[in-house]
Amino acid sequence: MTAARGTLGYMAPELFYKNIGGVSNKADVYSFGMLLLEMAGQRKNLKPMVDQISQIYYLSWIYDQISNGKEIEMEDASKDERKLAKKMIIVAMWCIQMKPSDRPSMNKVLEMLEGDTGLLVMPPKPLICPQ
């Protein structure tokens, strides 16, 4: 690969920073995770016009919401829809880990999405989130 291509915000960090790992199929896992986060949260990763400054960077905000056991804000969502959104967010957080070796395979991603939400554990906070 001679140049990184893709949509900013969805491109894996290793496309820019060679010291965190080589480019592999785990770059696609990262991109899928970012898309999954958008779908689950019904909003873009970066939303400049928000009420709370902590919500400007969506990844950090949503990680803290889930880690602290807070409900995900979704208009007109049923309990099952909220449960599914939580599952999608947890799986996405695994997908967007900084190091490619810390990300699951797509087979594992599928297994997590099809499995029980109660069995999922939150991964470490992705390093791309402000601490």
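All but one of (1) touching a helix residue (DSSP H, G or I) at 6+ places or on another chain (Cβ under 6 Å); (2) part of a helix (DSSP H, G or I); (3) within 17 Å of GLY41 (Cα to Cα) hold for ASP80, so report the exception by its number.
Among (1) touching a helix residue (DSSP H, G or I) at 6+ places or on another chain (Cβ under 6 Å); (2) part of a helix (DSSP H, G or I); (3) within 17 Å of GLY41 (Cα to Cα), the lone unmet condition for ASP80 is (1).
Pick from the stretch 61-85 the residues that are within 30 Å of SER24 (Cα to Cα) and at pLDDT below 85: which of them is nearest to the chain's Cα centre (by Cα)? Full working, then the answer.
Residues of the stretch 61-85 that are within 30 Å of SER24 (Cα to Cα), as a first pass: 61-64, 66-67, 84-85.
Checking the rest, the ones that are also at pLDDT below 85 come to 61-62.
On the way: TRP61: 11, ILE62: 9 Å.
So, considering only residues that are within 30 Å of SER24 (Cα to Cα) and at pLDDT below 85, the one nearest to the chain's Cα centre (by Cα) is ILE62.
Output the residue which, of all residues in the stretch 1-60 that are charged (D, E, K, R) and modelled with pLDDT under 65, is nearest to ILE96 (Cα to Cα). Before you say what the answer is, go through the steps one by one.
As a first pass, look at the stretch 1-60 and keep what is charged (D, E, K, R): 5, 14, 18, 26, 28, 38, 43-44, 47, 51.
With the extra rule that they be modelled with pLDDT under 65, the set shrinks to 43-44, 47, 51.
Numbers: ARG43: 17, LYS44: 15, LYS47: 19, ASP51: 25 Å.
Ranking the qualifying residues of the stretch 1-60, first place goes to LYS44.
Can you name the residue in the stretch 96-131 that is exposed (fewer than 12 other Cβ atoms within 10 Å of the Cβ) and among the acidic types (Asp, Glu) and, of all such residues, is modelled with the highest pLDDT?
The residue in question is GLU114.
So MET88 ticks every box in (1) modelled with pLDDT under 90; (2) within 17 Å of the chain's Cα centre (by Cα) but one. Which box is left unticked?
That leaves (1) as the condition not met.
The values are calculated or read from the model by the stated rules, or taken from the named source; none is laboratory data. Keep in mind the model is a prediction, meaning the values are calculated, not measured. Cβ: placed from backbone, ideal geometry, glycine included. Neighbour counts: every protein chain shown.
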